[in-house]
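The values are calculated or read from the model by the stated rules, or taken from the named source; none is laboratory data. Since this is a predicted model, take the numbers as computed values, not measurements. All Cβ positions, even for glycine, are placed from backbone atoms using ideal geometry, and neighbour counts span all protein chains on display.
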Amino acid sequence: MTGPSALWSVTLSVLFLAACDAGPPRRADTGSARDSASVEQAGRIAAEAYREAVVAADSAAHEKISESNRYGGTIVVAGRNDVLTLNPLVSTDIESVQHQAHVLFTTLVRSGPEFESLPYLAREWTIDPEGDRITFHLRDDVYWHDGVPVTARDVAFTWQRVVDPEVPFFNPAYFDAWEAVEVLDEHTVRFTVRPRSNLLYGWAVTAIIPEHILGDVPPSELADHPFGTVNPVGSGPFRFVERIPGDRWVFEANPDFPEDLGGRPYADRLVYRQIPDDAVADAALRTGEIDLIVDANPASAQRLSADSTLVVTSFPAAEYALIAWNTRRDPFTDPSVRRALTLAMDRESIVDVVRGPYGSVSAGPVGPWHWTYDPAWEPFPFAPDSARALLEQSGWTDEDGDGVRENRGVPLRFELFFTPRQAWMDVSTIVQANLADVGAAVEPRAREQASLVPMVTSPDRRFDAFLVSWARDVPLDDRDLWACDRVDDPMQFTGWCHPELDAVLDSMQFVSDRESLRRLTRRYETLVADAQPYTFLYNVETVLARRAGLRGVSADARGAWASVTEWWLDPEARR
Amino acid sequence: MGISDRVVARSGGPTLIRYLGRRALQAIPLLIGIVTLIFLILHLAPGDPTAVWFNPNIPPEVLDRMRVNMGLDQPLHVQYLRWVKAFLSGDFGYSYTQFRPVRDVIGDALPNTLLLSGTSLLVIFGVGCAVGSVQAVRHYGLTDSLLTFVTLFLYSMPGFWLGLMLILVASTSLSWLGLPVSGMTSVDHSLLGPFRKFTDVAQHLVLPTIALGLASAAGVARYMRGEMLEVIQQDYIRTARAKGLPERTVILRHALRNALIPVVSLLGLYLPLLFGGALVIEVVFSWPGMGRLMYDGILARDYPLVMAASFLFAVLVVVGNLIADLLYAFVDPRIRYE
Amino acid sequence: MSRQGPPEAPGGLPGPLDIVLPGISALLAGRLSGFLSLGSWLTLLGVAWFRRSRILDLFTQPGWDGILALMSLVVLLAAIWLAENRGRFQSITSLEPEAGRSPVALAGRRFQRHHQAVLGLAMLATLTVVTLLTPILAPFDPDVMNLSTGRLLAPSAAHWMGTDELGRDLLSRVLYGARISLIIGFLAVLIAITLGTAVGAVAGYAGGWIDAILMRIVDLFLSFPRLVLLITVVAVFQPSIPLIVIVLGLTGWMGVSRLVRGQVLSVREREYVQAARALGYGPGRVLGRHILPNVLTPVIVAATLGIGNAILAEAALSYLGLGVQPPTASWGNIIQSGGDRIIDAWWISTFPGLAIVLTVMSFNLVGDGLRDALDPRHVE
């Protein structure tokens, strides 16, 4: 589609130009001192340019509507999953985290389109020459929605809670390198850090919480505190209005949001509804009950785009689907078998069926959402003949002629587990047919999640293979998947690890120049591809379906909500 | 059927109260039994509430801490006693999946289900009895045959399939009707005036009620038809006619009243069925009710929520049966049982 | 439909044409049975002709499925032929059967008069035949996918019911799904009836505290939220067809037990029962030979209607993802797979639903007919 690609090219060129103005933009904030003014200026220019680009791309096909006419209306958004809580200390689901970071709260920094850290709550920051302390200078015009100003104490409080082992924050690893905090004054806070790449990324996704409200709450009571679900108080572009459980969250524009950060959002109100049923969401979109579906079903995308009142776009999400093999169990102890099974799968067809055009075959842990991605690299094309040859070589032959290979009497038969999602049913059926073709018998087994998880994570690993998908952070840190010293952790299902991979993954966290990073990432991919502890199936592109009257919606790997303050409704499209 | 096998005296008064008291007393061990059984089944099932957060990002220490916070590291009987103690003092705990008190969660969802089930009950019995009576009166006519076929067709339909078909039709051919196909309220519901709020919810009720109620209405219609026919054949109807009473009086005053007796007894039977059937309809139409709540809760192992919801369900069933028996007894003075 | 007199040998004296076209004489004589016989005969032969290549394949391929289908075809043809031609093998005098006075015959006559019940029976018979002959009838293999060109095709001449999201022919899947749904229905009801009858009979006959306890257990099961039980049981064990059968059976016996108990209570004080007890027969024998045969009437009706309910319950379970697991086709899980695309590919959810409706309708029709026929006091 012309809209998003125009947007991308404009954005990239503008950023390039802005970069030329302000000096080479740093993607990794480590090492030597930086000119903080440049950071701020670069950030502001980038943000402005980004906004212009969004406007430009959207107006390409429609009449230009002047800035002042964009204000007003209620935007209704629907998604498959509900926002469970707006308390960043206890939420674990993506929808909640996105709402916290982009809608209700401010974060210390925010991610630009290239995942560089841009100023947000922090006006600027300086890193000591030794590189072990970073000082943030906060804006003084950001207020909590109850009137209290946002101060450095809130930032320090947030960090203290996040790293507290008693608090169930979902990814304390974001702040592994952050060791201590010191509040210097109302708007200045200093942290002691260890150098690493993407140092600030954790701050881009963690909302700052109010110390004056949550300061006295003991960690064990945080989960059920009404702050998360009944009366959250944020500091972001939208204020909380009400929540009707099981139905919707309602936010309204914050008129006091600083102009520098974009000012008041265009929409008067923002409503989020959970509609778990795709068909119902599609119908609601067509009738105009909702304006945007943030995770539309690719199956209906074609029909929706045929409707001239709707617009369908997509963006590469940092999400991929895979089959995890239990390498502790025969026959998966033999990497040749794993490689053969991957060769036998027609992953193109799987993607076609499950995602349509909104996905691509995945060759490894790095997908189109990462800048090192190389679409031409495919170590395991669809090659059933090679698969058969490889199986023969590994000692698997069909001795009794029943179509299933054996090795010393043991048949090549195993169970493939998955949760009862429609997509997994289809994938497992296709995989079953593909593997039957090369002499392996797969038995698909659907299990509800709560039963499947203990099977897969308990030490005795009661599974042969299972099908799953997950989302990763774009600054790649896959040590939780493969670290050798934690190979018996619940989440290391496969039981495979490699010392060199450990070294590679560790290095990736400290390297900042692109060439080294690219080299290391390639090494990572190669090591994993060789061993095939996972068969990577496909990368996911998230589909956004919206009414044509809703403009300003753009999305990339940062998620659909990153541009929420830019969304506006055509005056005729307002209810 | 929900027919009691106790002596029920017509006169009411102290006997009635004694009867109610006895039933209430009998219900208590029943409820205790149900709740204990559910607790056991839930906890013996594999998995625990942390299974919902299946993401390598989350370190195992965090999950372990969550388990400790939920009290899951305690032995089973300790957990049970703790729950019972809290329950008896009115504390239903916090929902693991919604981070809110269970009382609030259920308090929000229960009225929605009652609204849906209640409206469906009205439709089921209103439409059902009316159609059944019409059929009986026009016995052997064209209307009767047509309606018999229609009721049979509807009665044989899976409710969720009917729901899907309704969504299909409402979104395509009948989209001009503007009937909403999801949820209970529209987006700007809170901005509407009281009358508009009412019509908004009513509009959202249409499709789910039809899906939930139509099949059962057909069932009631069939049953009503049979009962009415049997009554119409009776002597006292012929006597009434012979006495020269207008046909309308005969039908309405005499036939209908007597035919309604057994039909009313169905009420108690339908109550729990409605709550069960409502689940699938709630899923299809995204209706924010108890059925969906329980279903999601069980899958996520949200123990406090499921325990409270199941208890509520059991209470409703017991009360429903009681109401059915009482209705039956009140309506028919001749009832005597062994 | 012509009114019939007392039953006589269907067909009377078969003519020479009946060897090739059984039932034609009866048809020409104006009898409905001839129409039915000739009609089914011709239909079956037509099917066999149009599907002759498939039949040849089944001959050459090994497989119980195919053999059973072929045998069924042969048996059906033979049965029709014999029904219409049996006059050839009997002397004329022995053609006169006893004018049916037995209760079964009387019931049969009443059943016949109930037009709708006959319709139901015809539908059931068709369903049974179709289920038996599925390997012959199904135009495609229900599991064969066509991922490149055949996905989500609307109903057409090539695919009468269209194809699903993996390119599998929907008609074939619906046909094979019929077997699954019917088997589950039958077996679940069998379990429910057996259990319910046992409990109800014991409770009704024994009375006293045994009765009280058993009925309290029934109440317990009735008040139990089925959903909790279903989901948890399915989670602990594997969702498989035997499990679904057991679970459906265990959740459906309560109504039967109450029914049987009521019947046993009313029959218990009858003279013949008291006579049996006076004679010293043990409770088992009294129950088994004297009481139960007389209470079976409503049980049979309940069973027939119960199969319909079990099919509906299986569909609901599969729709929630707790029933028959793909890639095995059952009506419920086909509807479930089409639910996401109800607007794009309406045929995936619509046709299995229609199949369910028609099947359950036929069971209900037959059940109603049985109830009217077996209960002499019940008014049409």
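When A:157, A:136 are checked against the criterion of being crowded, with 22+ Cβ neighbours inside 10 Å, within 27 Å of residue A:259 (Cα to Cα) and more than 14 Å from every other protein chain (Cβ to nearest Cβ), A:136 stands alone in meeting it. Within segment C:171-194, is even one residue more than 14 Å from chain B (Cβ to nearest Cβ), buried (at least 19 other Cβ atoms within 10 Å of the Cβ), free of Cβ contacts under 8 Å to residues at least 40 places away in the same chain and basic (Lys, Arg)? No: zero hits. Taking segment A:78-100 as the range and being more than 10 Å from every other protein chain (Cβ to nearest Cβ), in contact with a Phe, Trp or Tyr (Cβ under 6 Å, 6 or more places away or on another chain) and outside any helix (DSSP H, G or I) as the test, the residues that pass are A:83, A:89. Taking segment C:207-222 as the range and being within 15 Å of residue C:250 (Cβ to Cβ) and either without any contact (Cβ under 8 Å) to a residue 24 or more places away in the chain or at the interface with chain B (Cβ under 7 Å from one of its Cβ atoms) (or both) as the test, the residues that pass are C:217, C:220, C:222.
May I ask you to verify whether residue B:105 is within 30 Å of residue B:256 (Cβ to Cβ) and either within 12 Å of chain A (Cβ to nearest Cβ) or in a helix (DSSP H, G or I) (or both)? Here the answer is no, as residue B:105 does not meet what is asked. Filtering segment C:262-270 for residues that are basic (Lys, Arg), in contact with a Phe, Trp or Tyr (Cβ under 9 Å, 6 or more places away or on another chain) and modelled with pLDDT under 85 leaves a non-empty set.
Determine the pairs where a residue that is farther than 29 Å from residue A:112 by Cβ, located within segment A:202-223, has a partner that is in a loop (DSSP other than H, G, I, E, B) and of a type in the set (Phe, Trp, Tyr) with Cβ atoms under 9 Å apart, the partner being 6 or more residues away or on another chain. Between residues of segment A:202-223 that are farther than 29 Å from residue A:112 by Cβ and residues that are in a loop (DSSP other than H, G, I, E, B) and of a type in the set (Phe, Trp, Tyr), the close pairs are A:212/A:144; A:213/A:144; A:213/A:227; A:214/A:227; A:217/A:227; A:223/B:96; A:223/B:99.
Considering the conditions (1) at pLDDT below 90; (2) over 24 Å from residue A:461 (Cβ atoms), residue A:383 is excluded by exactly one of them, (1). Without any contact (Cβ under 8 Å) to a residue 40 or more places away in the chain and either more than 9 Å from every other protein chain (Cβ to nearest Cβ) or part of a loop (DSSP other than H, G, I, E, B) (or both): does that describe residue C:285? So residue C:285 passes the test.
Whether a residue is within 12 Å of chain B (Cβ to nearest Cβ), aliphatic (A, V, I, L, M) and either under 30 Å from residue B:186 (Cα atoms) or surrounded by fewer than 19 Cβ atoms within 10 Å (Cβ to Cβ) (or both) was assessed, and residue A:173 passes this test.
Within segment C:248-258, does at least one residue satisfy the condition of being surrounded by fewer than 19 Cβ atoms within 10 Å (Cβ to Cβ), over 29 Å from the mean Cα position of the chain (by Cα) and not charged (D, E, K, R)? No, segment C:248-258 contains no residue that is surrounded by fewer than 19 Cβ atoms within 10 Å (Cβ to Cβ), over 29 Å from the mean Cα position of the chain (by Cα) and not charged (D, E, K, R).
Restricting A:250, A:230 to those that are over 23 Å from residue A:127 (Cβ atoms), in contact with a Leu (Cβ under 8 Å, 6 or more places away or on another chain), hydrophobic (A, V, I, L, M, F, W, C) and within 11 Å of chain B (Cβ to nearest Cβ) reduces the list to A:250.
Quick check, is residue C:120 surrounded by 21 or more Cβ atoms within 10 Å (Cβ to Cβ), over 19 Å from residue C:330 (Cα atoms) and among the small types (Gly, Ala, Ser)? Yes, satisfied.
Within segment B:119-128, one or more residues are among the polar types (S, T, N, Q), buried (at least 19 other Cβ atoms within 10 Å of the Cβ), in contact with a helix residue (DSSP H, G or I) (Cβ under 6 Å, 6 or more places away or on another chain) and away from chain C (no Cβ under 14 Å).
Looking at segment B:107-118, can you tell me whether even one residue there is more than 15 Å from the chain's Cα centre (by Cα), buried (at least 17 other Cβ atoms within 10 Å of the Cβ) and either of a type outside the set (Ser, Thr, Tyr) or within 26 Å of residue A:168 (Cβ to Cβ) (or both)?
Yes, the conditions are met somewhere in segment B:107-118.
Between residues in segment A:424-438 that are more than 10 Å from chain C (Cβ to nearest Cβ) and residues that are aromatic (Phe, Trp, Tyr), which pairs lie under 6 Å by C-beta distance while being six or more apart or on different chains? From residues that are more than 10 Å from chain C (Cβ to nearest Cβ), there are no pairs.
With respect to residue B:232, determine if the residue is within 14 Å of another protein chain (Cβ to nearest Cβ), at pLDDT below 85 and under 30 Å from residue C:367 (Cα atoms). Taking the combined requirement at face value, the residue satisfies it. Residues of segment A:293-342 that are of a type in the set (Asp, Glu), over 25 Å from the mean Cα position of the chain (by Cα) and under 24 Å from residue C:165 (Cα atoms): A:307 alone. Among the listed residues C:321, C:280, C:252, identify the single one that is within 14 Å of chain A (Cβ to nearest Cβ) and at pLDDT below 85. Result of the check over C:321, C:280, C:252: C:321.
The single residue among A:474, A:487, A:511 that is touching a strand residue (DSSP E or B) at 6+ places or on another chain (Cβ under 6 Å), of a type in the set (Val, Ile, Thr), at negative phi and at pLDDT below 90 turns out to be A:474. Within segment B:171-209, if we keep just the residues that are within 14 Å of chain C (Cβ to nearest Cβ) and buried (at least 21 other Cβ atoms within 10 Å of the Cβ), the residue that is modelled with the highest pLDDT turns out to be B:207.
Quick one: is residue A:500 assigned to a helix (DSSP H, G or I), crowded, with 18+ Cβ neighbours inside 10 Å and modelled with pLDDT of 90 or more? It is false that residue A:500 is assigned to a helix (DSSP H, G or I), crowded, with 18+ Cβ neighbours inside 10 Å and modelled with pLDDT of 90 or more.
The set of residues from segment A:95-115 being among the aliphatic types (A, V, I, L, M) and within 20 Å of residue A:567 (Cα to Cα) comprises A:97, A:101, A:103, A:104. On inspection, residue A:204 qualifies as surrounded by 18 or more Cβ atoms within 10 Å (Cβ to Cβ), modelled with pLDDT of 90 or more and out of contact with any Pro (no Cβ under 8 Å at 6 or more places or on another chain). For segment B:68-102, filtering for residues that are surrounded by fewer than 16 Cβ atoms within 10 Å (Cβ to Cβ) and either in a helix (DSSP H, G or I) or within 14 Å of chain A (Cβ to nearest Cβ) (or both) leaves 13.
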